[in-house]
Amino acid sequence: MLSDAERNKAADILMNAEKERKQAVQLQDLPNIAIEDSYAISTLVANRKIAAGAKLIGHKVGLTSKAMQRSSQIDEPDYGYLLDNMMIADGAKVPHENFCLPRVEVELAFILGKALRGPGIGLTDVLRATEYVVPSLEIVDARLQDPRKIFDTVADNGAAAGIVVGGRPVGSARRRPALGGRHHAPQLRDRGDRGRRRVLGHPALGVAWLANKLGAHGVAWSRISCSPARSPASCSPRKAIRCTAISARWAGLRCNSSDCAGRGGGA
């Protein structure tokens, strides 16, 4: 475990990298760093921003697929903080130089109508608490250099850097008669490299995991939770990022760069 001084130093490194828009060295080289240290560092950064005037509006959930967890050498998802100054208008142009190494990731945003407090939160609890689901886009960024490990990603706010919420809201499954039928737990599928299918599972399970994880620290969550729907896409550094969350059953991605290409991931 790291000392408080080491955690604060790591938070300084991440905040400076974000401010200067220049990647810093990895944190994994710190002696005795543990995943608890990474979450503590991420929380330190978020709390500093909140103290400076930002507002906490939600959380993102990443690494929800078992394949991504195995590649990251972790056995559960990870999470980061969503602040109000990370919100980007639907259809807005975002200069590439505002970030270190940005990518775009399609998400499902769960807007919760009531608080979820773990432990013991499951799929049906999330569906009952969800006011609506809306397609969204997350701009993920890497404030730390490659090769990054899970300690770096978690400390770096789960790579969360921006969020676009748009499209047509979809009412939660608790309002549909199909709750007990074959649509009870739909699975999202994403075609990966060479056409292979990666089953991501029901995205509400990621929200349930988040509620239980935060509940272990005495926190109830009641606003926005974002769960991955597809792999990230990279945009050309020569152009501004322009992404629009389109009206769809789940989510969609449109990028103004002709060389936008899906890459394996799921930060």
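Measuring from centroid to centroid over Cα atoms, what is the spacing of the stretch 91-160 and the stretch 10-67 in Å? If you average the Cα positions of each part, the centres end up 13 Å apart. Within the assembled protein chains, the solvent-accessible surface assigned to K93 is about 130 Å², based on a 1.4 Å probe. Between R168 and D90, the modelled label-to-label distance comes to 1.1 nm, taking each label 7 Å out from Cα in the direction of the beta carbon. Between R223 and Q28, the contour length at 0.36 nm per residue exceeds the alpha carbon distance by 67.0 nm.
E6 contributes an accessible area of around 60 Å² to the protein surface, as traced by a 1.4 Å probe with all chains present. Return the aspartates and glutamates within reach of K114: Cα separation strictly under 20 angstrom, same-chain partners fewer than 8 residues apart disregarded; answer none if there are no such residues. Correct list for K114: D84, D125, E131. For the cross-link pairs K22/K149; K9/K93; K60/K213; K9/K149, the ones whose C-alpha atoms lie over 24 Å apart are K9/K93. For R117, R148, the ranking by accessible surface with the largest value first comes to R117, R148, using a 1.4 Å probe.
The values are calculated or read from the model by the stated rules, or taken from the named source; none is laboratory data. All figures in this text were calculated on a predicted structure; none of them were measured in a lab. Backbone-built Cβ (ideal geometry, glycine too); neighbour counts: all protein chains shown. What goes into the accessible areas is simple: the full protein's heavy atoms, side chains included, and nothing from ligands, DNA or RNA. Shrake-Rupley method; radii C 1.70, N 1.55, O 1.52, S 1.80 Å.
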